[in-house]
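Asker: One structure coming up, written as structure tokens, with questions to follow.
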Amino acid sequence: MPLNIPNALTWARIAMIPLFVGVFYLPDAWVSPAQKNFFGTAVFVLAAVTDWFDGYLARVLRQTSAFGAFLDPVADKLMVAAALILLVQLARVDAIIAVIIIGREITISALREWMARVGESASVAVAYIGKLKTAAQMTAIPLLLYNAPLSSIDVRFVGSILIYVAAALTLWSMGYYLRRAMPRLARHMDR
């Protein structure tokens, strides 16, 4: 495992998960619910920024590695899953939305792993629809975590709309990847 700046940032993102979740479990006597929302949102946004930054640094510093390529999406999925489960517990996201998004991540990760093993990983490379899903999801989650009006914007309402959009795009992108993989899956299942 090469320890370089991008991988260190990815490990830091994983280490932020207990901090992120833990903020919401602090007693109200120590931290008000509004402060929990603010600090939890800040940690999530910091993690999202490090996600972009570690990829950027890996390319600029030419410190890409197979381990980094494996760990980066794992860190992303862990953070998103933790946030969605927390939002379900806080009654800000319906459980079915969390199941759709987390289930898709597990399914597509497994599909990509299998396709890579049979030498067909290019057919399930990240597509534009997946990027749209990620953008909607990564905008919705901080809004739902923050959960308070921002100027005249009803943050929770906007976040709720975006998380439903993200769930729809999640299903669409899963269908897209499965359709792309189906001929290869069928070919390898006959062997």
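The values are calculated or read from the model by the stated rules, or taken from the named source; none is laboratory data. The shown structure was predicted, so the numbers you read here are calculated from the model rather than taken from an experiment. Every residue, glycine as well, gets a Cβ built from its backbone with ideal geometry; the counts of neighbours run over all protein chains shown. In case anyone asks, the SASA skips ligands and DNA or RNA and just uses the protein heavy atoms, side chains included. Shrake-Rupley method; radii C 1.70, N 1.55, O 1.52, S 1.80 Å.
Asker: Residue 174: net charge of surrounding residues, Cβ under 10 Å, Lys/Arg +1, Asp/Glu -1, itself excluded?
Answerer: +2
Asker: Now for a different question. Please sort by residue number the trypsin sites (Lys or Arg not before Pro) in the range 32-65 whose DSSP state is loop and whose Cβ has at most 11 other Cβ atoms within 10 Å.
Answerer: Filter output for the range 32-65: 62.
Asker: Between Rg and the Kirkwood Rh of the chain, both from Cα atoms, what is the Rg to Rh ratio?
Answerer: Here the Rg-to-Rh quotient is 1.01.
Asker: Given points 7 Å out from each Cα along the Cα-Cβ axis, report the residue 42 to residue 60 separation in nanometres with one decimal.
Answerer: If labels sit at residue 42 and residue 60, their model points lie 2.5 nm apart.
Asker: Counting only heavy atoms of protein chains, what accessible area per residue, in Å², does the chain have with a probe of 1.4 Å?
Answerer: 55
Asker: Which ³J(HN,Hα) values in Hz, rounded to whole numbers, follow from the phi angles of the range 71-82 under the Karplus curve 6.51 cos²θ - 1.76 cosθ + 1.60, where θ = phi - 60° and Gly and Pro get x?
Answerer: 6, 4, x, 5, 4, 4, 5, 5, 5, 5, 4, 4
Asker: Shifting gears a bit: Cβ under 13 Å from residue 19's Cβ, residue 19 left aside: what net charge do those residues give with Lys, Arg +1 and Asp, Glu -1? Before the final figure, lay out each step's value.
Answerer: Details: positive: 13, 36; negative: none.
After counting each charged neighbour, the total is +2.
Asker: Name the residues of the range 1-34 whose amide N is less than 15 Å from a point 7 angstrom out from the Cα of residue 67 along the C-beta direction?
Answerer: It comes to 1-12, nothing else.
Asker: Work out, step by step, the length gained on full extension between residue 14 and residue 151: first 0.36 nm times the residue separation, then minus their alpha carbon distance; give nm to one decimal.
Answerer: Contour length minus Cα-Cα distance gives 46.1 nm.
Asker: Between beta-carbons, use under 15 Å as the cut-off and find the net charge around residue 33, counting Lys and Arg +1, Asp and Glu -1.
Answerer: Net charge around residue 33: +2.
Asker: Roughly how many percent of the accessible protein surface of the chain is carbon and sulfur, given a 1.4 Å probe and a whole-percent answer?
Answerer: C and S atoms contribute 70 percent here.
Asker: Also: With axes computed from alpha carbons, what is the tilt in degrees of helix 33-60 against the longest principal axis of the chain, rounded to the nearest 10 within 0 to 90?
Answerer: Rounded to the nearest ten degrees, it is 30.
Asker: Which loop chymotrypsin sites (Phe, Trp or Tyr not before Pro) in the range 1-64, with loop taken from DSSP, have no more than 12 other Cβ atoms within 10 angstrom of their Cβ?
Answerer: The qualifying sites are 25, 30.
Asker: Sticking with this structure for a sec: Please give the FRET efficiency for residue 52 paired with residue 28, using the beta carbon to beta carbon distance and R0 = 35 Å, rounded to the nearest 0.05.
Answerer: Result of the calculation: an efficiency of 0.55.
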